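Scroll down for the structure; my scribbles are underneath it.
The values are calculated or read from the model by the stated rules, or taken from the named source; none is laboratory data. Quantities reported herein were computed from a predicted structural model and do not represent experimental measurements. Virtual Cβ from ideal backbone geometry, glycine too; neighbours counted across all protein chains shown. These accessible areas exclude ligands, DNA and RNA; they are computed on the full protein's heavy atoms, side chains included. Shrake-Rupley method; radii C 1.70, N 1.55, O 1.52, S 1.80 Å.
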Amino acid sequence: VPAGKGVNTARSLSGILPALGKNIVAAAWLGAGERAWFEAQLRNGSGISAAIAERPCATRYAYTLLEDSGRETHLKEAMAAPGRAEEETLLAFWTRTVRRGDVVVSCGSAPRGTSPKTLARIFEVAREKKARAVFADANGQILDIAGASGLDGIKGNAAEIAAWLRLNGEFNASNARHRAALSAAFRRKGAPGLMLITCGSSGAMLATPELLLRARPPKAGLNSQHKAAPQAATGCGDAATAGMIWAALEKTPPEEMLRRAIACG
């Protein structure tokens, strides 16, 4: 099936935004020959439009194996590094795609070898096109770039945010050194307006320069359709991003944004 963090987030929004009169577009940098299949699967399965920038290489496939114990095994193919011409084509596509008033969220990672200038330009273009809000749900290099690009918000799990803050392990709100690093990050040039930090089945945190909020999801109950509670949090973080976008569209306060992120997750 069409997958990836942005597609997962778009699917999570597909039951929310149409009721608000908003359209969802999943934009993707996709391998050759996959456009028709990808577009049809998203449209027919979830009612989501796709905007595709094609690459000459093969599409990356990723597999998640879930065991009854809850253990997960992830198999991810690498994608070929893009050349300069490919990156220029991507940016031209992106410039045509983003429109005034959009809420834009850059999800996932870029192929290894993508120029940092191209990644930074993704966010610059969104601002130049007068997007209403710009977010990133990312990790590694692109999170570092997003975190210095003056975005409205960034999102990552506790390990990804810890790495961005140059901390070992996972971000721990009860650790004074971790809280100090978080506070210092908001004082950096180009710092984001807020950070959503997901913690798997333990819930999520939302940080602003003034607040650090934490919420835990209610325990999953049993009903006649489900004989067992969920055992894995795979995809919940991508769905939580949908709650962040939903809140941004309606300009809710931080507490409500966190509630919606938890609800969607």
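Where the second residue is surrounded by 22 or more Cβ atoms within 10 Å (Cβ to Cβ) and basic (Lys, Arg) and the first is on the phi < 0 side of the Ramachandran plot and lies in segment 190-201, which pairs have Cβ atoms under 6 Å and are six or more apart or on separate chains?
Leu196/Lys155
Show me the strands (runs of 3 or more DSSP E) entirely contained within segment 71-153 in which 2 or more residues are at pLDDT below 95.
On the way: elements: 72-76, 103-107, 133-137.
Filter on segment 71-153 gives 72-76, 103-107.
For segment 135-159, enumerate the residues that are of a type in the set (D, E, K, R) and surrounded by fewer than 22 Cβ atoms within 10 Å (Cβ to Cβ). Quick ask: steps written out before the conclusion?
Pass one, segment 135-159, residues of a type in the set (D, E, K, R): 137, 144, 152, 155.
Hits for segment 135-159 are Asp144, Asp152.
Which pairs have Cβ atoms under 8 Å, sit 6 or more apart or on different chains, and link a residue in segment 10-30 that is in contact (Cβ under 8 Å) with a residue 24 or more places away in the chain to one that is polar (S, T, N, Q) and in a strand (DSSP E or B)?
So the pair list comes out as Asn23/Ser49; Ile24/Ser49; Val25/Ser49; Ala26/Ser49.
In segment 28-49, what residues are surrounded by fewer than 21 Cβ atoms within 10 Å (Cβ to Cβ), on the phi < 0 side of the Ramachandran plot and small (Gly, Ala, Ser)?
Those that are surrounded by fewer than 21 Cβ atoms within 10 Å (Cβ to Cβ), on the phi < 0 side of the Ramachandran plot and small (Gly, Ala, Ser): Gly31, Ala32, Ala36, Ala40, Gly45, Ser46, Ser49.
Have a look at Lys251, Lys227, Lys219 and point out the one that is modelled with pLDDT under 95 and under 18 Å from Asp152 (Cβ atoms).
Just a single option satisfies the conditions, and that option is Lys251.
Against the conditions (1) of a type outside the set (Asp, Glu); (2) open to solvent by less than 90 Å² (accessible area, probe 1.4 Å); (3) in contact (Cβ under 8 Å) with a residue 40 or more places away in the chain, where does Leu66 fall short? Just the number, please.
Unmet condition: (2).
Inspect segment 67-80 for any residue being in contact with a Lys or Arg (Cβ under 8 Å, 6 or more places away or on another chain) and under 25 Å from Ala248 (Cβ atoms) and give the result as yes or no.
no
One residue is enough: does segment 106-117 have a residue meeting the conditions in contact with a Gly (Cβ under 7 Å, 6 or more places away or on another chain), more than 29 Å from Phe93 (Cβ to Cβ) and either surrounded by 14 or more Cβ atoms within 10 Å (Cβ to Cβ) or not charged (D, E, K, R) (or both)?
No, segment 106-117 has no match at all.
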